[in-house]
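Data block below; observations after.
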């Protein structure tokens, strides 16, 4: 069994048996350090485990990290006695075992260095080790939720954060534009608890919190030709369809969610025709319609009421170096004068940064190699955002025939590489996480890994040319490029 593959046959029962055994072992212990990633999935999964352990009366400290590197070990060790890594740890299992063996627990969904060796470590709850796709069927927050449920069956309310994590991890990015696999079990639990309303609808970002003109003008996934970044065109487009922009009585700007069913159908059909006339790829057009997830216990106009908006809010906090704000939101802060208010401000900053990043790409263009696209943003785009921006380029600026690698500068002078692909490329053999992890063993100083469709690496600046050369060869081998 090679790195990056899942074990077969599929063994859901084995996964849940392990979760039950891990929860039983953890109940015997105390003084936990929860170490989690800084993106939406990482913050959600960290919050789930922190809440679940706290409800059991456990002493809990937490640490949110952008990446888990060997130099973080002493910092982690100083915080407690038992160490629970969530949404990462599988890719760093080799040195984590050396440092924390006996007090180490991992809940992750990323690829391991060696799946056979990873399976031997008992307290390693990773769906990939049980033939379950951790890139599509269960994210870190989803695995954390099942752990929380094993700790206490009353933790069904944490299903909301599990859904947020899955959407933040783009696990609905498939042909049905819906959450599948074990994610579906979480959806059913959340529906039964009256936490979420699920329906198929136009699924552009901002359906609840944005005025209609902004809803179209700020769309970046997909980019709407002649509408994205052009509010005048968006206004004319909507007026031409006979769709009101304001409420006649209150003069309040209307959002997509305020429209009638008939008005929604008119707008959806018009957008599909608009993209088709602009020769946008068919698969990208299909992404306009998908499942939407409305959280019924959140305020009606709050961005947290929509699953994707909640996830983007957490991403905004993490990727702008304020993950503690996102964690506070997940732990319950809804005070406009507190961290919730700070999160909304962070969300505006995040949107502006993404628009600026897209503009940079439009001005400077994309480089192309035999087996991948790439761009080097230097210091123009924050390294925490280049991967998101790279993924947004499919179907608008680049075609889906190759993966894309985005480069940016880390604060320490090293280079951040973020790779993105598509589900079709994965079907053809693409495994970005595997390629980056393997390069880490071939070039001294390179550390990387992740999923088949999305992964990242840290590279010494002087090794970037060697890195790109080897990466090109690996993608050629994976995709059968001649």
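Derivation of every value follows stated rules applied to the coordinates shown; laboratory data play no part. In this text the structure is predicted, and so the values were computed from the model without any measurement. With ideal geometry, Cβ positions are generated from the backbone for all residues, glycine too; neighbour counts draw on all protein chains shown.
Observations, loosely collected:
- Look at the alpha carbon pairs under 8 Å that are at least 6 residues apart: their mean separation over the length of the stretch 191-317 gives a relative contact order of 35 percent.
- Bins of 5 Å from zero: percent of alpha-carbon pairs in the stretch 202-353: 2, 9, 17, 21, 18, 15, 10, 6, 1, 0
- Reduced Cα scattering model of the stretch 12-192, Debye log10 I(q)/I(0), q = 0.10, 0.16 Å⁻¹: -0.33, -0.89
- Relative contact order computed over the chain (Cα-Cα under 8 Å; 6+ residues apart), in percent: 12
- Cα gyration tensor shape for the stretch 365-479, rounded if a/c is under 1.5, else prolate or oblate: oblate
- Ranked list, fewest to most other Cβ atoms within 10 Å of each Cβ, for 15, 360: 360, 15
- Among beta bridges from DSSP that stay inside the chain, the antiparallel ones total about 55%.
- Exposure proxy ranking, count of Cβ atoms within 10 Å, fewest first, for 210, 409, 334: 334, 409, 210
- Percent of alpha-carbon pairs separated by more than 39 Å within the chain: 19
- 13 Å tail of the calculated P(r), the stretch 322-373, as % of Cα pairs: 67
- Sorting the segments 239-246, 325-332, 300-307 by their residues' average number of neighbouring beta-carbon atoms within 10 angstrom, most packed first, yields 325-332, 300-307, 239-246.
- Once you divide the Cα radius of gyration of the stretch 274-419 by 2.2 N^0.38 Å, the number left is 1.19.
- Cα-Cα P(r), the stretch 152-256, percent of pairs per 5 Å interval: 2, 11, 16, 18, 14, 12, 12, 9, 3, 1, 0
- Bridge type composition, the stretch 349-430 - antiparallel percent by DSSP, nearest 5: 60
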